[in-house]
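Undergrad: This is the structure, below, for whatever I ask next.
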Amino acid sequence: MLTHPLLLDLTFSLPGTGNAKAALGRLLRPARARSETLLITYFDTQALALGRAGMTLGVPRDGRRFVQMLAREGGGTAPLARWRNEAVIAGPEPELGRLPVYPRRLAAAMRKGVSPVFTIEAERRSWDLGGDAMLVLVLTEGSIVADGRGAPLRHVEIRFAEGALDAALALGRRLSARLPLALIAASPAMRGLALRAPAVARQAQSGEPTLWAGMSVHAAFRLIAQDCLLRFLHEATRFHDSQPAEAVHRMRVAMRRFRTLVRFHRSLMTPEDALLLRRHVAQVFARLGEARGWDIVLSHADMLAKAGPDPQALAPVQAARAAAYARVARLLAAPGLRQGLLALFGWLARFDGRNDAAGAVAPATLASHAARLLSGQRKRLRAYGDIARFDAEQLHAVRIEVKRMRYACEFYGSLFPLERTSFRAYLARLSAVQLVLGRFNDLVTVQEIVATFGQQRVRHARKSRAAAAKLTRQLRQDSAAALRHCLKAKRFW
């Protein structure tokens, strides 16, 4: 067995076809570079059990020897960490008996054997920046091949030792100011999994982080916050794929989760820090919300069509949506976003409990903190009473609190494994309330647009408004019933 490290790194993608080696060489002068050729074959079970668990098993050839690498995205509570286990093996096939202990369900799947699922062929160029910071910058250029399909690979990684985060972030800021780098969450191996099986990769990247009873509240905060930011980065990478609307929605959810988490833990940080964190996501959230709003309007195109017989009635909406998406694309490519994300990761790494707000008292255990938070959020929901006669603004406020309750359940559900059945039932009822309130909110948004489009087409607009009003009344009743049903559910905490 060679190593059991937590690999700390910042990973960027480098778009385009320019000479990255020359550009990096100029920026990193006088450091010398070392080059090597990579050929790594990755293995998994027939059902991709490792990939579903967020793990990859690769066998690269290192000179005359073969090294087996088992890696997992995320490595505990340290931001920007990946866990990796390495062992020298006899040949190009994995030796499963040399792998460390893994969950029983995964062990059962592995006993049936593994086979190749994708390969990475690339040239790797490394600059050892030396010094006390122990920084290494790695440029990987090549391709990922899965099922006969290939995808280009151009990654820049800043690898650093524990305690060298400040130096790594400073280098990341310097590079992102000079090169069109995009901070990403997926390692090259996870990108290979995404090429081979996109749904499996999405599943692996969307699982909730597992908390345990002995964690501190601050460590749990770091782990959950990092998960929110990584989800945002995963979806930012997918924005230019064939389904940008889904990526916008998921990026917005990731930022909302992060903002909610900060709200839940205001007492554990200074007011200045809480304000700083919320400001970092405010502009991003606003841009994404604008694009998402036009997606909602177009999803109700049947209502807009009733605003008049003009076949071009949707053209202004489509133009507005295109403009909103262009602004999202510019935001994601802007150096300011990269600098802001690097600042957030740096802040998380330092959030260790010594920067609590004055007078804040942390709960004795993480479980008691979670139970207190969940109970408080449930109490806020109960205080609304019967919401059947609420207006749109009031129902929007209820919807926000329902979302916060759901996020709290998702954040801390893993602390209550013996109540898993009650947890799932509670989450299902919350989801039902959120779904109905979301439909109501979407309808209100679309009605406002319909009213604008119907100014010159009164007869058709009236018909549309009548249908919407009927649906609105029904959704109010459904929301009230769903919330009553949810609040009767057995608590899992």
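Undergrad: Checking the a/c ratio against 1.5 first, then a/b against b/c, what shape does the Cα gyration tensor give for the stretch 114-225?
TA: Oblate, since a/c reaches 1.5 and b/c is not below a/b.
Undergrad: Tell me which chymotrypsin sites (Phe, Trp or Tyr not before Pro) from the stretch 182-249 have a DSSP coil assignment and no more than 12 other beta carbons within 10 Å of their own.
TA: TRP212
Undergrad: Which of LEU314, PHE390, ALA33 sits closest to the plus end of the dipole of the chain, meaning its Cα is farthest towards the positive end, when Lys and Arg get +1 and Asp and Glu get -1 on the C-beta?
TA: The listed residue farthest towards the positive side: PHE390.
Undergrad: If Lys and Arg each add +1 and Asp and Glu each add -1, what is the summed charge of the other residues whose beta carbon sits under 12 Å from the beta carbon of VAL328?
TA: It works out to a net charge of +3.
Undergrad: A further question follows. Can you give me the long-range amide H partners of ASP44? Hydrogens built in the peptide plane at 1.01 Å from N, cutoff under 5 Å, separation of 5 or more residues or another chain.
TA: Those qualifying (amide H under 5 Å, at least 5 residues apart or on another chain) are SER115, VAL117.
Undergrad: Using only Cα atoms and rounding to the nearest 10 degrees, what angle (0 to 90) does helix 244-264 make with the longest principal axis of the chain?
TA: Roughly 90 degrees between the two axes.
Undergrad: Which GluC sites (Glu not before Pro) from the stretch 154-239 combine a DSSP loop assignment with at most 16 other Cβ atoms within 10 Å?
TA: Taking the stretch 154-239 and a limit of 16 other Cβ atoms within 10 Å, the loop GluC sites (Glu not before Pro) found are GLU162.
Undergrad: Where Lys and Arg each count +1 and Asp and Glu each count -1, what net charge lies around ARG178 among other residues with Cβ under 12 Å from its Cβ?
TA: So the environment of ARG178 carries a net charge of +4.
Undergrad: Taking the chain on its own, what percent of its Cα-Cα pair distances exceed 41 Å?
TA: 28 percent
Undergrad: What FRET efficiency comes out for the pair ARG178/ILE89, r = Cβ-Cβ distance, R0 = 51 Å, nearest 0.05?
TA: Computed FRET efficiency for ARG178 and ILE89: 0.80.
Undergrad: Let me understand the stretch 38-168 better: what is its radius of gyration from the alpha carbons, and its Dmax, in angstrom?
TA: Expressed in Å, the Cα Rg and Dmax of the stretch 38-168 come to 16.0, 47.
Undergrad: Cα gyration tensor of the stretch 359-431, axes a ≥ b ≥ c as square roots of the eigenvalues: rounded (a/c below 1.5), prolate (a/b > b/c) or oblate?
TA: Oblate shape, in that a/c is at least 1.5 and b/c is the bigger or equal ratio.
Undergrad: Just the number please: accessible area per residue for the chain, 1.4 Å probe, all protein chains included, in Å².
TA: 48 Å²
Undergrad: On to the next question. Any chance you could count the Lys pairs in the chain whose alpha carbons are under 21 Å apart, treating pairs 8 or more apart or on different chains as valid?
TA: Lysine pairs meeting both conditions in the chain amount to 7.
Undergrad: Taking θ as phi - 60°, what are the ³J(HN,Hα) couplings along the stretch 412-417 by the Karplus curve (6.51, -1.76, 1.60), each to the nearest whole Hz, with x for Gly and Pro?
TA: Residue by residue, the stretch 412-417 yields 10, x, 5, 6, 10, x Hz.
Undergrad: What is the distance, in nm, between label points placed 7 Å from the Cα along the Cα-to-Cβ direction at ARG350 and at GLU272?
TA: 1.0 nm
Undergrad: Just going by the charge dipole of the chain, with Lys and Arg at +1 and Asp and Glu at -1 on Cβ, which of PRO94, THR210, GLN434 is farthest out on the positive end?
TA: Checking the options against the dipole of the chain, the answer is GLN434.
Undergrad: State the percentage of accessible surface on the chain attributable to carbon and sulfur atoms; use a 1.4 Å probe and exclude ligands, DNA and RNA.
TA: 53 percent
Undergrad: In what order, largest first, do TRP347, TRP127, TRP294 sit by accessible area if the probe radius is 1.4 Å?
TA: If we order TRP347, TRP127, TRP294 from most to least accessible, we get TRP294, TRP347, TRP127.
The values are calculated or read from the model by the stated rules, or taken from the named source; none is laboratory data. Please read these numbers as outputs of a predicted model, since none were measured by experiment. Because the Cβ atoms are built from the backbone with ideal geometry, glycine has one as well, and the counts that use them run over all protein chains shown. These area figures cover heavy atoms from the full protein model, side chains too; ligands, DNA and RNA do not enter into them. Shrake-Rupley method; radii C 1.70, N 1.55, O 1.52, S 1.80 Å.
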